[in-house]
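The values are calculated or read from the model by the stated rules, or taken from the named source; none is laboratory data. Keep in mind it's a predicted model, so treat the numbers as computed, not measured. Virtual Cβ from ideal backbone geometry, glycine too; neighbours counted across all protein chains shown. Protein only, heavy atoms only, side chains kept; ligands, DNA and RNA dropped before computing areas. Shrake-Rupley method; radii C 1.70, N 1.55, O 1.52, S 1.80 Å.
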Amino acid sequence: MESKNKTVIKSMSLLNLFLTRSHLTLNEIVEFSQIPKTSVHRMLASLEEMRFLDKSADGKYSLGLLFLRFGQLVSERLDIRQLALPVMKVLRDDVGEAVNLIVKYGNEAMYIEKQDTNQPVRLYTAVGRKSPLYAGDSRIILAYLPEEERDRYVEQTVLKPLGLGTITDKKRLREVLDKTREQGYTISKSELENYTTAISAPILNHNHNIIAGLSIAGPDIRLSEQHLPELIDKVKKAALEISMKLGYKNTTR
């Protein structure tokens, strides 16, 4: 384990060289890193195979496109909070319930921003809290993932009951995911916590890819059936407003 950790540390030291230089040859990397050439050559081959580095025809190395993808994700997730917050505050003040911003985090979802309700009875949802993608307001993210990724997740995930309404049947979950994409929102009842309701809508970028989910959540006694149509309309409009700030083009107009 210790030798593997040392290899990772050394590999990171090689990548750090590219923070101040765009292109480096093998000999330059050896000189700057002070690591034996055979070790450098081996690590560079691994980093190139994993697409962390690219090697040009003249033998020079540069950071790979994978870093660009990572950078875009980090940028979007930082930007999404700044873009979403004003919209979330308006929505919270309008509906009087908690408003959450959720992103995909590995094979889970994470709450990265929240505007809490002023109501004395409220749900426990903290920034940084994680939840499964198949349940609650997080399901909006799963619904809008690429079909192959979505199917693989459903196939490989054990659907554990978390609340009275958690969907634990995979056939039923697939049906709900299809319906969610058709209608542009999802409603969950007692899926993460009993006697709660959440309505969530997708936040999409300029490529129509899912970036985050926006939800209204609260005790089901306040989010009753008679209020759902109005709340659905409001959360969809708020999510669309944030999406358009990310460059999303609404083609349904």
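Observations, loosely collected:
- Top-ranked residue of the range 23-52 - restricted to ones that are without any contact (Cβ under 8 Å) to a residue 12 or more places away in the chain and charged (D, E, K, R), ranked as surrounded by the fewest Cβ atoms within 10 Å (Cβ to Cβ): E49
- Hits in the range 190-204 (condition: under 17 Å from the mean Cα position of the chain (by Cα) and open to solvent by less than 10 Å² (accessible area, probe 1.4 Å)): S200, A201, I203
- Condition check for S62: open to solvent by less than 100 Å² (accessible area, probe 1.4 Å), at pLDDT below 90 and not in a helix (DSSP H, G or I): yes
- Pair list, Cβ < 9 Å and 6+ apart or interchain, from the range 144-165 residues that are assigned to a helix (DSSP H, G or I) to residues that are open to solvent by 80 Å² or more (accessible area, probe 1.4 Å) and modelled with pLDDT of 95 or more: R150/R174; D151/R174; V154/R174
Per-residue answers, yes or no, for (1) in a helix (DSSP H, G or I); (2) at pLDDT 85 or above; (3) closer than 18 Å to A217 by Cα:
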| site | (1), (2), (3) |
| --- | --- |
| L47 | yes, yes, no |
| D54 | no, yes, no |
| D58 | no, yes, no |
| K89 | yes, yes, yes |
| D94 | yes, yes, yes |
| N118 | no, no, yes |
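- Residue within the range 15-22 that is within 14 Å of F67 (Cβ to Cβ), among the aliphatic types (A, V, I, L, M) and exposed (fewer than 14 other Cβ atoms within 10 Å of the Cβ) present: yes
- Within the range 167-189, the set of residues being in contact with an Asp or Glu (Cβ under 8 Å, 6 or more places away or on another chain) and crowded, with 18+ Cβ neighbours inside 10 Å comprises I167, T186, S188.
- Residue check, S131 closer than 25 Å to D94 by Cβ, crowded, with 19+ Cβ neighbours inside 10 Å, small (G, A, S) and modelled with pLDDT of 95 or more: no
- Residue list for the range 213-236, restricted to those being within 20 Å of the chain's Cα centre (by Cα) and open to solvent by 40 Å² or more (accessible area, probe 1.4 Å): K236
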